[in-house]
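First up is the structure itself, then whatever we jot down about it.
The values are calculated or read from the model by the stated rules, or taken from the named source; none is laboratory data. No experiment lies behind these values; they were computed from the predicted model shown. Here the Cβ is made from the backbone with ideal geometry for all residues, glycine too, and neighbour counts use every protein chain on show.
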Amino acid sequence: MPVFDFRDAPNNKNMSECTYTTFRSNERTMTPEKPIILLDNKKCQWKHHEEGVFTNPNKRTTFEFKEEDGVVAADILQIDLRFVSLLKWLGENHINVRLSGVNTEEGYAVYKVREIAHGGGTKLSAEDGFLQFMIERLLASNAPAEELNDEEIDEAGDDMKLTSIQSITDFISCAGRTLPDNIQLWARRNLAVARSNEVSPEERRHAQRALSIMMNIQWKSNYFEAIDPKEARRILDEELYGMERVKQRIMETIIQINRTHTLPAYGLLLVGPAGTGKSQIAYAVARILKLPWTTLDMSSINDPEQLTGSSRIYSNAKPGIIMEAFSVARESNLVFIINELDKAASGKGNGNPADVLLTLLDNLGFTDNYLECMVPTVGVYPIATANDKDQISAPLMSRFAVIDIPDYTTKEKQIIFSQFVLPKVLKRMSLKADECIIPEEAVKTVVEIYANTSGIRDLEQAAEHLVANSLYQIEVDHVSSVTYTPEMVKSLLL
C-alpha cells in the first residue's frame, strides 16, 4: 500500500506532510467497518456528525473540523482509492461538508459525506445534489488499477464544466481513474472544444451533448457477480414451458459465468419459427443476469449509419442506435437483444449493417461516428433471434452459440394455453377463472383451429377473443359465467 510522505523533501518548510495511504475497495455500501476515509483521532475523539472542510489531500492531508473553540485539524490516514480525486475537488473548492463517522482504534472511520450550504464556501456543482450523485457513481464503480502520481493527478483535475459544462468538468475531476483511460482523454479534449471561443457554436453544442451522453454512462468493469443457479432455473421455468434442452444450454452459460466471473466469449443465437418464444427467452436471460437490456430490430435497419451515428460535421448529427442504447441503460454492461439477425445483411446501397454488428460482437470496443470515441464493450452480452439461419453470414454466425428452438407439439400448446396464456389474459381483463371457463375439449378445438401455424401467437389472440367475449356477456347480458363448448369456440374463431 503506497504511502505519500514529504517529510524528507528539501525546502519543505511551507509543505505539510502527506500522511495518508490508499486502499482498493469495490464495496457498494460504506459502513463504519468499511469506511471511505480514516482520520486521526488520537488527540480528539470526534463526534458522530462533524462539519468542516478538506484541504488538498495531495499537498496538505488534513480535515479541518469546525469546533466551538475554533478550527481543529486532523490528519487523513487512509482513503478509498476511488475517492482520492473527489476529496481533492472538495478541498480545492473549499466545499463545506458534514461527516458521519465512528471512533475506532484505527481512527475516525468516515462512512458518509454530505455537502452543507452554510459557511461561505464555493459550492459549484455541489448544489443540486451533485456531491451525493458523485458518491453514488463512485460507489458503483470499480477501484482504479493503480494509484495516480502527482503529475497525473494534476492533469486529471485540470480546470477545463452532467448537462452543464461546469457539472461535467467537476464530474471528470472527481471520477479520476474510475473512468477508462481513453474516455478520460476524450473528455478533456471535448471539454476544450465545448469551452472554446475559437470554434462555432454548433461545434460547442455537439461537444457538450457528446460529453453529457458519455459522462452519464456508468463505465463498469467486465467482472460479474455469481448468479444463483436455483433462482435462474426458477425464472426459466416461470417464463418457458418445456424446452428442457434450451434451458440446459442457458444454465451452462450461468455456471460458466459463476466460475469465471466474466461473460462467455460467444453470445446466444436463438433460431426457430415465429412465435416460439425466442424473444421471451432473451428477456429471461437478461433478467437472470440482472442487466438492463435493449433491442435492435434488424428488419428496420437498412443503413449502417443508423447503428454508428452521423459525423458532427452535419448540423443534424446524432449518435447511432447502439450508443443511444448505452445512454438509455446508463451503464456499459447490458444485454443487446438483436431481433431478426437473418435480415442484417439487407442494406440498401450505403453499406451493410451486418458489418457494424461484427465490431460490437467482437468485444474489442465500438466507435460511434458522433461520439468519436471507442467505448468498451466487454460487458455487452448479445442474444440474437432469427427465423432462418441460412440467411446469416458465416462471420456473424461464428460470433454466436446457436440454439435451435423447435415448434411446440400439440400437447404442449394445449398445456401452454390452459396454464399460461389463459390465466395471463384473465388477469389482464380482471376476470376470475370461474367467470370464463374453457374445458379441455374446447382447448383442443382452439389448438386444432391453429394447427397449421407455428408458435403460440395465434393462441394468445384466440384467448384474448374468448375472454373478451366472456366479459361482454357478463357486462351486457348479465350472466355470471361463460363456459365454452367446442361449437362455441368454432363459431367465434372460424
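Here are the numbers for the structure shown:
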| read-out | value |
| --- | --- |
| Residues satisfying the stated conditions in region 184-206, i.e. over 21 Å from Phe130 (Cα atoms) and aliphatic (A, V, I, L, M) | Leu185, Ala192, Val193, Val199 |
| Tally of residues being at pLDDT below 90 and either more than 14 Å from Arg287 (Cα to Cα) or of a type in the set (Lys, Arg) (or both) across region 232-246 | 6 |
| Residues that are in contact with a Ser or Thr (Cβ under 6 Å, 6 or more places away or on another chain) and either closer than 15 Å to Leu492 by Cα or surrounded by 20 or more Cβ atoms within 10 Å (Cβ to Cβ) (or both), drawn from region 414-436 | Cys436 |
| Filter result (assigned to a helix (DSSP H, G or I) and surrounded by 15 or more Cβ atoms within 10 Å (Cβ to Cβ)) within region 472-489 | Gln473, Ile474, Pro486, Met488, Val489 |
| Region 57-98: number of residues that are touching a Lys or Arg at 6+ places or on another chain (Cβ under 7 Å) and more than 12 Å from Tyr20 (Cβ to Cβ) | 3 |
| Residue satisfying all of: in region 307-356; at pLDDT below 90 and of a type in the set (A, V, I, L, M); surrounded by the most Cβ atoms within 10 Å (Cβ to Cβ) among these | Ala344 |
| Residue in region 138-159 that is modelled with pLDDT of 85 or more and either crowded, with 20+ Cβ neighbours inside 10 Å or not polar (S, T, N, Q) (or both) present | yes |
| Given (1) under 25 Å from the mean Cα position of the chain (by Cα); (2) surrounded by 14 or more Cβ atoms within 10 Å (Cβ to Cβ), index of the condition Arg234 fails | (2) |
| Selection status of Ile415, over 30 Å from Gly320 (Cα atoms), modelled with pLDDT of 90 or more and either of a type in the set (A, V, I, L, M) or within 32 Å of the chain's Cα centre (by Cα) (or both) | yes |
| Top-ranked residue of region 197-218 - restricted to ones that are outside any helix (DSSP H, G or I) and of a type in the set (S, T, N, Q), ranked as surrounded by the fewest Cβ atoms within 10 Å (Cβ to Cβ) | Asn197 |
| Among (1) touching a strand residue (DSSP E or B) at 6+ places or on another chain (Cβ under 7 Å); (2) under 23 Å from Glu238 (Cα atoms); (3) surrounded by 16 or more Cβ atoms within 10 Å (Cβ to Cβ) - the single one Asp404 does not satisfy | (3) |
| Odd one out for Met298 among (1) aliphatic (A, V, I, L, M); (2) surrounded by fewer than 17 Cβ atoms within 10 Å (Cβ to Cβ); (3) modelled with pLDDT under 90 | (2) |
| Entirely in region 338-394, the strands (runs of 3 or more DSSP E) that have 3 or more residues that are over 27 Å from Thr253 (Cβ atoms) and touching a Ser or Thr at 6+ places or on another chain (Cβ under 9 Å) | none |
| Qualifying position, being among the charged types (D, E, K, R), more than 17 Å from Leu86 (Cα to Cα), in a loop (DSSP other than H, G, I, E, B) and modelled with pLDDT of 90 or more, among Lys13, Lys47 | Lys47 |
| Failed item, numbered, when Ile456 is tested on (1) under 12 Å from Val421 (Cα atoms); (2) surrounded by fewer than 13 Cβ atoms within 10 Å (Cβ to Cβ); (3) among the β-branched types (Val, Ile, Thr) | (2) |
